[in-house]
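I have placed the structure first, in the form of structure tokens, so that the comments after it can refer back to it.
The values are calculated or read from the model by the stated rules, or taken from the named source; none is laboratory data. On a predicted model such as this, the values are computed, not experimentally measured, just so you know. Neighbour counts are summed over all protein chains in view; Cβ atoms, including those assigned to glycine, are modelled from backbone coordinates with ideal geometry.
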Amino acid sequence: MNSHDDVTCRRLILEYLVEYEDGTMASEDRVRLEQHFACCPPCLVFLKSYRATGRTLKMLKPREIPKNLADAVIRFVRARCDKK
Amino acid sequence: MVEDQNAADLALVRRIKRGDEEAFREMVDRYHARVYSLSYGVLRNAEDAEEATQDSFLTLHRKIESFDESKRFFSWFYRVALNQAYSRARRRKPVVTVPIDDYVPRLGSDGHNASPEFSAWVDGVEDEAIARDLAERAEGFMAELPESYRDVIWMVDVEEMKPSDVAETLDISIPALKSRLHRARLHVRQRLTEVTTLPSATEQRAAP
């Protein structure tokens with residue numbers, strides 16, 4: 001992040017958010033982003049919804065694995081390999 | 001720990017190459033749930049995902065000889081699984097995807113977030129039933145993404161695989177992975193916001 005430019009919403013959302021969220025952003029940049037969130041309610045709403053998206057996707061797991069799938073796989077492979 | 005996992009995988013691979021059926025069984029036990037889940041991410045149908053899982057293990061059985069043991073097994077096998085799922089998906093019906101840029105948030109020309117979006121659904125995520133409904137919708141929105149984006153968001157955000165493992169499986173750099181992940185999340189976020197924004201909320205926003 002260059003020191004001379006303001007953190008615009010566009011840059012924050014498109015360029016910085018992913019590293020802010022995965023914890024790889026330098027601490028001085030984090031501080032600048034947090035200052036921006038403190039004075040930009042729309043971006044704060046955006047951050048919350050971005051995080052909520054991640055939490056929502058995690059709900060898709062654990063997916064139910066069909067019963068006896070491992071046995072079905074073994075039977076399937078044996079049947080195909082015995083034909084050879 | 002990842003290296004321990006790979007060492008255990010390689011030990012099984014070598015036994016399978018020698019024709020040890022018990023080792024193949026152990027490999028199925030070890031990987032069938034993950035392969036099923038990856039397949040489901042592509043196909044979104046239990047029956048198709050089950051068949052794709054069977055095909056993946058058949059390919060493993062037939063092609064294990066060609067696996068290069070200097071590579072990590074899981075990334076090779078996950079690529080096999082994704083290829084099986086996508087070839088099945090292509091046989092089934094054409095997939096309608098949206099251009100990824102359509103769902104990057106709308107911003108003013110000065111780069112500022114001109115219109116705060118009404119994101120009431122965010123509070124709903126705290127409620128189990130609403131969150132489940134949102135998750136089902138999100139699954140559909142992920143399916144709209146081009147493959148290269150969908151794979152990334154499915155593996156990182158749903159499967160919770162380590163980003164470095166996903167990058168290795170897909171053979172892309174970490175920055176490329178982050179970029180795709182971010183844009184895919186922006187897409188799903190935007191669609192969740194659109195679909196849950198009530199008309200009354202839109203009117204309120206438009207009012208002076």
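Could you please find all residues in the range A:1-24 being within 14 Å of B:Arg185 (Cα to Cα), modelled with pLDDT under 80 and among the β-branched types (Val, Ile, Thr)?
Selection gives A:Ile13 alone.
Just one of (1) at pLDDT 75 or above; (2) under 20 Å from B:Phe141 (Cβ atoms) trips up B:Thr169, so point out which.
B:Thr169 satisfies all of (1) at pLDDT 75 or above; (2) under 20 Å from B:Phe141 (Cβ atoms) except (2).
If you go through the range B:54-71, how many residues are closer than 20 Å to A:Leu69 by Cβ and not hydrophobic (A, V, I, L, M, F, W, C)?
Matching residues across the range B:54-71 total 6.
Residues to consider are A:Arg11, A:Arg30; find the one that is within 11 Å of chain B (Cβ to nearest Cβ) and not aliphatic (A, V, I, L, M).
A:Arg11
Name the helices (runs of 4 or more DSSP H) wholly inside the range A:1-81 in which the number of residues that are touching a Pro at 6+ places or on another chain (Cβ under 7 Å) and of a type outside the set (S, T, N, Q) is 1 or more.
Details: elements: A:17-22, A:27-39, A:41-58.
The helices (runs of 4 or more DSSP H) meeting that bar are A:41-58.
Please find, within the range B:119-135, the residue that is surrounded by the fewest Cβ atoms within 10 Å (Cβ to Cβ) out of those that are in a helix (DSSP H, G or I) and within 8 Å of chain A (Cβ to nearest Cβ).
Applying the filter and picking the extreme gives B:Arg132.
Could you pull out the residue among B:Tyr36, B:Tyr40, B:Tyr31 that is within 26 Å of the chain's Cα centre (by Cα), more than 9 Å from chain A (Cβ to nearest Cβ), buried (at least 18 other Cβ atoms within 10 Å of the Cβ) and under 29 Å from B:Ala143 (Cβ atoms)?
Only one candidate qualifies: B:Tyr31.
For the range A:60-84, give me each residue that is facing chain B (nearest Cβ under 7 Å), surrounded by fewer than 17 Cβ atoms within 10 Å (Cβ to Cβ) and more than 17 Å from B:Tyr31 (Cα to Cα).
Hits for the range A:60-84 are A:Arg80, A:Cys81.
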